[in-house]
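Colleague: Okay, handing you the structure first.
The values are calculated or read from the model by the stated rules, or taken from the named source; none is laboratory data. From a predicted model like this one, the values you see are computed outputs, not experimental measurements. No Cβ is skipped: glycine too gets one built from the backbone with ideal geometry, and neighbour counts run over all protein chains shown.
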6 protein chains.
Amino acid sequence: MRPSGRAADEMRTIAIETGFTKHAEGSVLISFGDTRVLVTASVEDRLPPWLRGKGEGWVTAEYSMLPRATHTRGQREAAKGKQSGRTQEIQRLIGRSLRAVVDLKKLGEFQITLDCDVLQADGGTRTAAISGAWVALRLAVNKLMAEGKVAEDPITGRVAAISCGVYQGTPVLDLDYIEDSSADADANFVLIEGGKIAEAQATAEGAPYDEEALLRLLRLARMGCDRIFAAQADAVK
Amino acid sequence: MRPSGRAADEMRTIAIETGFTKHAEGSVLISFGDTRVLVTASVEDRLPPWLRGKGEGWVTAEYSMLPRATHTRGQREAAKGKQSGRTQEIQRLIGRSLRAVVDLKKLGEFQITLDCDVLQADGGTRTAAISGAWVALRLAVNKLMAEGKVAEDPITGRVAAISCGVYQGTPVLDLDYIEDSSADADANFVLIEGGKIAEAQATAEGAPYDEEALLRLLRLARMGCDRIFAAQADAVK
Amino acid sequence: MRPSGRAADEMRTIAIETGFTKHAEGSVLISFGDTRVLVTASVEDRLPPWLRGKGEGWVTAEYSMLPRATHTRGQREAAKGKQSGRTQEIQRLIGRSLRAVVDLKKLGEFQITLDCDVLQADGGTRTAAISGAWVALRLAVNKLMAEGKVAEDPITGRVAAISCGVYQGTPVLDLDYIEDSSADADANFVLIEGGKIAEAQATAEGAPYDEEALLRLLRLARMGCDRIFAAQADAVK
Amino acid sequence: MRPSGRAADEMRTIAIETGFTKHAEGSVLISFGDTRVLVTASVEDRLPPWLRGKGEGWVTAEYSMLPRATHTRGQREAAKGKQSGRTQEIQRLIGRSLRAVVDLKKLGEFQITLDCDVLQADGGTRTAAISGAWVALRLAVNKLMAEGKVAEDPITGRVAAISCGVYQGTPVLDLDYIEDSSADADANFVLIEGGKIAEAQATAEGAPYDEEALLRLLRLARMGCDRIFAAQADAVK
Amino acid sequence: MRPSGRAADEMRTIAIETGFTKHAEGSVLISFGDTRVLVTASVEDRLPPWLRGKGEGWVTAEYSMLPRATHTRGQREAAKGKQSGRTQEIQRLIGRSLRAVVDLKKLGEFQITLDCDVLQADGGTRTAAISGAWVALRLAVNKLMAEGKVAEDPITGRVAAISCGVYQGTPVLDLDYIEDSSADADANFVLIEGGKIAEAQATAEGAPYDEEALLRLLRLARMGCDRIFAAQADAVK
Amino acid sequence: MRPSGRAADEMRTIAIETGFTKHAEGSVLISFGDTRVLVTASVEDRLPPWLRGKGEGWVTAEYSMLPRATHTRGQREAAKGKQSGRTQEIQRLIGRSLRAVVDLKKLGEFQITLDCDVLQADGGTRTAAISGAWVALRLAVNKLMAEGKVAEDPITGRVAAISCGVYQGTPVLDLDYIEDSSADADANFVLIEGGKIAEAQATAEGAPYDEEALLRLLRLARMGCDRIFAAQADAVK
């Protein structure tokens, strides 16, 4: 039995509110249950030095938790003077996941930065961030195309992410914080609409897992991402 | 004529939404027009080293802007590895302003940290932060008192803050970004309900100002803070 | 009664020694009683990137206390690896104050950096720094003009600063350290010769203050700055 | 055809030289072909603060590349003043992988740090580091047991890691640098002797991959890890 | 011929002004010609962690140049966020040199920090700092002894330092900046009154030097330090 | 009697293994007994900004100890976020020593960085680093000349370094860790083949030393460096 009473393959409510802030070219507040992440997409025509003059663009991401997004207050990374390993690992994952569905040549010499700021955390912040970032990116690219700055759509498809895990011996979908903090295994899948995999990460936190469990988690993730793809489609309609 | 069409002594709409996030002991989303600041109050029983064992508490604040709270994306301070002078100046002001209405002895050995994160900026972020922080603090202290951890109310009154400035020769109340970026003088007042002043800061950005202008700005600030005190009272009812 | 035996409107002795060091384009050792600040003005033809090619110059300031300028030794900021919020707040104030009397277009593409290093502290270090910085700036600009590098005088007037405060219920001028550390309110005024105000900052440290007190402090500050303007005039004769 | 001429399921030569340095409790130079990593295991009786007094130990890892381990010189992280996101991600993975085979209660209040320094890089540095770290850990724990400081063996089994990827459409085992830099998908598996999985990470660098490819990569990884388990067994005999 | 017209074995004027600042337990402004260094000795009863509870004290030093102590403005180390290698090398040398004449057991559990801040630089700042630091230390220790906090004099003798170098083929004493910046060899000697050597450092900047030159430089240094020992004796009388 | 049983003028075994790593233009593993340093020479055509366009090159060095090169594990400098004063002092010395035998004009616009990483430490790491760096530099320059990128040999001679010290009253050559940690005086000499001195540093750790001891140490150093010059010659044959 899951603490939330959900079935093993039951996700939390997904909500996507576009236009949550007004300055960014794309802006989304995405919720997976009580996990809420504000994602903005910022378009700049200044590329990182190693990409200049190649006729290509870049998509990158930054991630942060507000200090009191969590049960107890965490120290602010700007005050500590450095980003934790966890933060850096997550923001690298987000950037990589989005680039999996962008043709950087078609984007042209623009950099789009996806800022993912967790306002409230209850498990699954990185997967909500990736799923919301796709929407923010889609909105920003639509704007570039409407303004005639980008001719051909550089986005090749939808990407979404979801966590799953082995909780008290059972593979379950979309872990909340309580499950996440005591799961035996904890996985994040980044999937492309149509069935392909952009990234699979499955970590044993307690006992190691076997191939069958990995496959079962992947199947749960497919179910979850299908729900997210539908919500993304609704959000950008 | 103000760009927004407001009268010289007209404020933007104030909105205060309590309970915006669920983990913090106090949580508020405050808006002054398009400026929106999320303030959380976090109670901890671990004091800074220099205050331990004195039977007193501490109230402090941290401030940050999300990178794309503004018209163009600013670099994330956590990524830069340090907080700007502006950030530090503002968070010192917020902490000082709130301590002006707290009896630290009555608070007892608790530290309350007010995290002020600007989700969207359109001028006046520090004054919205101070005004919202009072509400978050009030909620957190109410909780401490309801739980019997604090016996006597340590909050001695309300505190609010508002910006004013000299815009195209005219003193005006509650500057938005367009006004703020071209004002001749720019002032922030932190006032205590009842008429006293906790902090006055008035800076000439263009031409210096005279005593009469300073007094006129102070009077505008009194009008503005009265509106905020009423909104604070509503919010914590 | 003030600890020093001074009258409420009595300043400490002001001394300004020009040419204290030989390399800088302008150099001053300014004393307000036992507070002693070494200010140098350094002229460079390399502007910050955001100002290049606009035909304008820049005036900026840096501030530091020697570790043992104070009663007990403070940690050296270079050893800690960062400047405190207080340091940054003060150096921003100094730069802003000096720019209030400089026409950056007339200065042309030079940057003048005012380094304010407190050799000994006894209250009022930031106001001594501003007052001394004007002299160092004046000397450096005189040199630029004498060398024909600047055609028209970019300095539009004198600027000086002084602290005042409410000490044991009485508004007093030019706080020393003992007064400063127990004042109810603590103000710093930056005034332009002729009566205008460049910056007013008045902070309640204990009880909040009222409008009358603010005005009384401003009047004391006018008296103090008149004395400083005279000393500045003598120093650059 | 692989650039090295290897078959798809052919690993590079594995070499493990124990006792490469003399001070560490465990020390290993491990080579996967031209990739060479020096791993030392250091035992300390000082635990991180959050673990003290719980009767448990800790196993952690640090990772670094010498500046010229690679084709072109990289900037030294100590000179830059921070560790890259990649470094932090890898050292977190190494620590987690080793803890998967350690019973921290049986280890008792010791911390073992696995320092993995890449002397020469040719792809697969993180997997060589994990595989070598197990040997260094085994040696250090043997020493603790021989000295009577640890009573019961805290190591529950062997752990090894290997990279695989999809190179020019074909799943291949143990990528070298040339393959790694142009692979369509790049995976790292951390396996426990006996068949269980501690960590699976598979990233699409070019085209996304499907479930079948994931399973094929996992099977290649099993073959590779069996070879490494044998080499580890030889090394600690 | 030396640029200053001095003879090869002629020093610049030495001046030592004690009590230059009032808060420190010992305070000295020392000049070697135009090189001026403010040295303060601060006594604290808080020792570094690794020395606590051993019944011994510690003597350490910090060194800094004011940004415009030199011909062109250098970046402030507190603003850069780190001390240069040169700064660290010099402050380690100063600390080591002073400890050469202190019996740390007799000092008892006090730490004395010698802050050496260069107000104006014209070559030889580190040697002026060491020579002045001895005076500041002597004054601080005298104070500790007068207050009965230290029973027996922990200072075992005088220490002084002087630079010499090979300038245009000739060994010369007490290099000024012009000589220093074009010398073939540049040496610093730290000598103990009575003839022993605490530290010798001789660096070839241009052509390497031979044993005879090293001995000649050492003899010049003896002459210079004898002059400094006399000035130190005068200063603390 | 020396702990190792060596005679006062007896060095430890010197071993120089060239080509220890494959990517660097020059690569050497040098051992002085149990002290082992990996030195790589990296050639880049990107010069530091202050040298560009002058038709000259640059030779610089970086130094680091692996965390467990020593008896007890030291904190990794990359993790601490800064290099220690000792590290910076040593790498400045290495760079200076090598530049003493390079004609930077003949080198042309190349920068050669000598990375000296101590794999195992037993005293004398900086002198082994300098002696090995010469070999790595020689190999890298040979490569540049063979490729026709440098026309005339910019290396003017051999440079080597050795430590000596006063151990239990006796001057001895090539201190190992046990001797080094209890020596009365500790010296490092950098000598040029043919007899000239590039750098002499002699520090009293316990009792100060006299001129005779300094000369005796220098003579020991000559004997030691002659051995190293021979080993260098063999290594690059």
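Colleague: Considering only the range F:201-215, I want to know if a residue exists there that is closer than 19 Å to residue E:188 by Cα, within 14 Å of the chain's Cα centre (by Cα) and of a type outside the set (Ser, Thr, Tyr).
Modeller: Yes, because at least one residue in the range F:201-215 is closer than 19 Å to residue E:188 by Cα, within 14 Å of the chain's Cα centre (by Cα) and of a type outside the set (Ser, Thr, Tyr).
Colleague: Residues of the range D:114-144 being in a helix (DSSP H, G or I) and of a type outside the set (A, V, I, L, M), which ones?
Modeller: Listed by number, the residues that qualify are D:125, D:126, D:127, D:131, D:132, D:134, D:138, D:142, D:143.
Colleague: When the range A:5-19 is examined, which residues are found to be under 18 Å from residue A:115 (Cα atoms) and surrounded by fewer than 19 Cβ atoms within 10 Å (Cβ to Cβ)?
Modeller: If the condition is that a residue be under 18 Å from residue A:115 (Cα atoms) and surrounded by fewer than 19 Cβ atoms within 10 Å (Cβ to Cβ), then A:17, A:18, A:19 are the ones that fit.
Colleague: Those residues that are surrounded by 17 or more Cβ atoms within 10 Å (Cβ to Cβ), among the aliphatic types (A, V, I, L, M) and within 23 Å of residue B:155 (Cβ to Cβ), I need them from the range B:51-70; list them, please.
Modeller: B:59, B:61
Colleague: If you scan the range B:206-227, which residues turn out to be touching an Asp or Glu at 6+ places or on another chain (Cβ under 7 Å) and surrounded by fewer than 18 Cβ atoms within 10 Å (Cβ to Cβ)?
Modeller: Across the range B:206-227, the qualifying residues are B:206, B:207, B:223.
Colleague: Just to be sure, is residue A:175 over 18 Å from residue A:35 (Cα atoms) and crowded, with 24+ Cβ neighbours inside 10 Å?
Modeller: So residue A:175 does not fit the description; no.
Colleague: Within the range B:71-119, track down each residue that is surrounded by fewer than 18 Cβ atoms within 10 Å (Cβ to Cβ) and among the β-branched types (Val, Ile, Thr).
Modeller: The answer is B:72, and nothing else.
Colleague: Out of D:148, D:123, D:169, I need the residue that is crowded, with 22+ Cβ neighbours inside 10 Å and more than 11 Å from every other protein chain (Cβ to nearest Cβ). Which one?
Modeller: So the residue among D:148, D:123, D:169 that is crowded, with 22+ Cβ neighbours inside 10 Å and more than 11 Å from every other protein chain (Cβ to nearest Cβ) is D:123.
Colleague: Is there a residue in the range D:145-163 that is in a helix (DSSP H, G or I) and modelled with pLDDT of 95 or more?
Modeller: yes
Colleague: In this structure, is residue E:198 crowded, with 24+ Cβ neighbours inside 10 Å and in contact with a helix residue (DSSP H, G or I) (Cβ under 6 Å, 6 or more places away or on another chain)?
Modeller: When the stated conditions are applied, residue E:198 passes them.
Colleague: For the range C:172-185, name all the residues that are away from every other protein chain (no Cβ under 13 Å), in contact with a helix residue (DSSP H, G or I) (Cβ under 9 Å, 6 or more places away or on another chain) and farther than 13 Å from residue C:222 by Cβ.
Modeller: Passing the criteria: only C:172.
Colleague: Examine the range D:45-54 for a residue that is acidic (Asp, Glu) and at pLDDT 95 or above, and state whether such a residue exists.
Modeller: No: zero hits.
Colleague: Could you grab the pairs with beta carbons closer than 8 Å, sequence gap of 6+ or different chains, first residue in the range C:112-126 and within 10 Å of residue C:69 (Cα to Cα), second one small (Gly, Ala, Ser) and assigned to a helix (DSSP H, G or I)?
Modeller: That search, which allows pairs on different chains as well, returns C:118/C:129.
Colleague: Would you point out the residue of the range C:1-23, among those that are among the aliphatic types (A, V, I, L, M) and at pLDDT 95 or above, that is farthest from residue C:171 (Cα to Cα)?
Modeller: C:16
Colleague: Please name all residue pairs, on different chains or six or more residues apart, with Cβ atoms under 7 Å, provided the first residue is in the range D:209-236 and is within 14 Å of chain A (Cβ to nearest Cβ) and the second residue is in a helix (DSSP H, G or I).
Modeller: So the pair list comes out as D:211/A:218; D:218/A:211.
Colleague: Which members of the range E:186-203 meet the condition of being modelled with pLDDT of 95 or more and at the interface with chain F (Cβ under 9 Å from one of its Cβ atoms)?
Modeller: If the condition is that a residue be modelled with pLDDT of 95 or more and at the interface with chain F (Cβ under 9 Å from one of its Cβ atoms), then E:187, E:190, E:191, E:192, E:196, E:197, E:198, E:199, E:200, E:201, E:202, E:203 are the ones that fit.
Colleague: In the range A:10-32, is there at least one residue being more than 20 Å from the chain's Cα centre (by Cα) and either touching a residue at least 60 places away in the same chain (Cβ under 8 Å) or closer than 12 Å to residue A:132 by Cα (or both)?
Modeller: no
Colleague: For the range E:190-214, give me each residue that is assigned to a strand (DSSP E or B) and of a type in the set (D, E, K, R).
Modeller: Listed by number, the list holds a single entry, E:199.
Colleague: I'd like to know if the range D:155-166 contains one or more residues that are buried (at least 19 other Cβ atoms within 10 Å of the Cβ), free of Cβ contacts under 8 Å to residues at least 40 places away in the same chain and within 12 Å of chain A (Cβ to nearest Cβ).
Modeller: Checked the range D:155-166: no residue is buried (at least 19 other Cβ atoms within 10 Å of the Cβ), free of Cβ contacts under 8 Å to residues at least 40 places away in the same chain and within 12 Å of chain A (Cβ to nearest Cβ).
Colleague: Of the conditions (1) at positive phi; (2) in contact (Cβ under 8 Å) with a residue 12 or more places away in the chain, residue E:81 satisfies every one except a single condition; which number is it?
Modeller: It is condition (2) that residue E:81 fails.
Colleague: Tell me, which strands (runs of 3 or more DSSP E) wholly within the range D:1-110 include 2 or more residues that are within 14 Å of chain A (Cβ to nearest Cβ) and within 24 Å of residue F:69 (Cα to Cα)?
Modeller: In the range D:1-110, D:58-65 are the strands (runs of 3 or more DSSP E) which contain 2 or more residues that are within 14 Å of chain A (Cβ to nearest Cβ) and within 24 Å of residue F:69 (Cα to Cα).
Colleague: How about the range F:35-50: which of its residues are touching a residue at least 12 places away in the same chain (Cβ under 8 Å) and surrounded by fewer than 17 Cβ atoms within 10 Å (Cβ to Cβ)?
Modeller: Residues satisfying the conditions are F:44, F:45, F:46, F:47, F:48.
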